[in-house]
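Some notes on the structure that comes next.
The values are calculated or read from the model by the stated rules, or taken from the named source; none is laboratory data. This one's a predicted model, so the numbers in the text were calculated from it and none came from an experiment. Glycine gets a Cβ as well: all are built from the backbone with ideal geometry, and neighbour counts include every protein chain shown.
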Amino acid sequence: MLSFAVYSDGKPAAKVNLEGAYVVGTDDVPLRAELSFADGVVRCTKRAAGPAGLALLWEVKSVGIILLETVRVQEREEPYILQVELARSRLLRITHKVEDWGMLDHDEAADLLKNVDQARDLLIEALQADAPAKAASLGDEALSIAVEASEQLSRLHAQTFLNRRAQSGALGRRLFGCTVHSDPPTEASRKRLSDAFDFATLPIVWRDVEPSEQEFNWKPLDAWVEALSKSNTPIRGSTLLSFGEKNVPDWLYIWEHDFDTIRDLAFEHVRRVINRYGQYIQIWTVISGIHANNCFAFSFEQLMELTRMTAAVTKQIAPRGQAVLEIVTPWGEYYARNQRTIPPLLYADMAIQSGVNFDAFGLRFHFGSAAEGSCVRDMFQISSLLDQFVKLGKPLHVTAVQVPSESPEGKRPDGEGAAAYGGMWHEPWSEKIQSEWLRRFIEIALSKTGVESVSWNNLADYDQQEVPYGGLLRSDLVPKAAFKELLAIRKELSASEAKGRPAAE
């Protein structure tokens, strides 16, 4: 049995939030397991042998309610102490990343590394403590110091390397984008787009384009393509193919047991869209989330065949266009619950190894909602994950990123309410916190060699969006603090690039 004892205020905890929790193996791949909590102990009945850890939302002082992982441990009768194993995991990861980032001799990192040493000393005390409750208290203290230090190390590393990229001219011309909504464009929305963004992402949803078989609705897309073309705003198309329930037309389910027919219909859909808009769109998200959203229960081989087919059709019809494969829920939580899916890094590696003809990976990051895969991660985790994808050797686009500007339950929920909606970063979500989060995320993402652009998921708030209150504008198109922060970031990067140019230029 794999189990973790949880203590609160010196006694066994009365409750633990297991929403979004899962078991994870030694290779960071989620494992199938049943989780339960009783008598102060989280019990994990897993279906695979070997060491494993627990990932769950946990409140960390000064950092927020974030999804953290324990170290990978062997099963035993006696429960491990959750807070101790969470702290041990973070400290191990910090040690690895500090070496990976070359920060051991970084002058500005010295004080932060002293904090890491302090957290390590507290962890040693926790491991030597006689009473489990005392060990848990020391573990909590070590965890808080370690997580805060790791976030600060991530930011220091990001700022250092972002400045280098900017001053060396390594940042591209089209860094920032935003997904538009299917509602008709207005003069105000076009103005906001041109003020802050280098390109617009046009959502192409098969379900909306072809609501009934061979009956097409192109008007919303045509209106946006015309408006963006007139304003000379570059357009990216997303997504040609996705098998999430919100993307698949209802009539396609007639063929749910006939893969060959679905593949042929998908081919025709992709061909039809590119033929219509290929002259306006140069970068296509050709397939999105097929590794995670698999409503037809396709096999591994069928998923890879669809990936290969969609990329090949795109390159054939639009040879000068770029084909992007989009990864959703990049930590792979979904794999713990659905064996018909593929872990994200495995899917990405297989796309490369199997010779799929594509140009870049896209990554989607959504935090702060009740949806699966949307539990809040801290900036250290985000930075570490981006490093993993950079190592694959393909260019990266953050094709959609989003956090809310307030909680779905209100602007200032208590801790329990925040946890119910995927956690919180430092404080309950607000326009101020959304703005600060956007800056930290952009600094980290664009500091990574190979990350070519960052696209926010929605320009403005609207009903039933993936992350409620996730727009950079309010529903009346009034800018939020995050929109203004983006303008400031653009100005700073331009100044940094100008500083790095030779005087003759």
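In segment 344-355, what count of residues is obtained for those that are out of contact with any Leu (no Cβ under 7 Å at 6 or more places or on another chain) and buried (at least 20 other Cβ atoms within 10 Å of the Cβ)?
The qualifying residues number 3.
Can you list the strands (runs of 3 or more DSSP E) found entirely within segment 1-110 that contain at least 1 residues being within 22 Å of Leu138 (Cβ to Cβ) and in contact (Cβ under 8 Å) with a residue 60 or more places away in the chain?
Strands (runs of 3 or more DSSP E) meeting the threshold: 2-5, 52-60, 64-69.
Go through (1) at pLDDT 95 or above; (2) over 25 Å from Leu306 (Cα atoms); (3) crowded, with 23+ Cβ neighbours inside 10 Å and name the single condition Gly362 misses.
For Gly362, the failing item is (2).
Within segment 122-131, track down each residue that is surrounded by fewer than 19 Cβ atoms within 10 Å (Cβ to Cβ) and in contact (Cβ under 8 Å) with a residue 12 or more places away in the chain.
Glu125, Leu127
If you check Ala323, Ala318, Ala336, which single one turns out to be in contact with a Gly (Cβ under 8 Å, 6 or more places away or on another chain) and either at pLDDT 95 or above or in the same structural domain as Phe243 (by TED's automatic domain parsing) (or both)?
Ala318
Inspect all residues belonging to segment 235-252 and state whether any of them is part of a helix (DSSP H, G or I) and hydrophobic (A, V, I, L, M, F, W, C).
Within segment 235-252, one or more residues are part of a helix (DSSP H, G or I) and hydrophobic (A, V, I, L, M, F, W, C).
Kindly evaluate Arg207 against the criterion of being at pLDDT 95 or above and touching a helix residue (DSSP H, G or I) at 6+ places or on another chain (Cβ under 8 Å).
It is true that Arg207 is at pLDDT 95 or above and touching a helix residue (DSSP H, G or I) at 6+ places or on another chain (Cβ under 8 Å).
Residues are listed down the side, and each one gets a yes or a no for (1) surrounded by fewer than 17 Cβ atoms within 10 Å (Cβ to Cβ); (2) farther than 18 Å from Asn163 by Cβ:
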| position | (1), (2) |
| --- | --- |
| Ser455 | no, yes |
| Asp461 | no, yes |
| Gln465 | no, yes |
| Arg474 | yes, yes |
| Val478 | yes, yes |
| Ala488 | yes, no |
| Ser494 | yes, no |
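Tell me which of these Ile442 doesn't satisfy, since it passes every other one: (1) touching a helix residue (DSSP H, G or I) at 6+ places or on another chain (Cβ under 7 Å); (2) at pLDDT below 95; (3) of a type in the set (Val, Ile, Thr).
Only one criterion is unmet by Ile442, namely (2).
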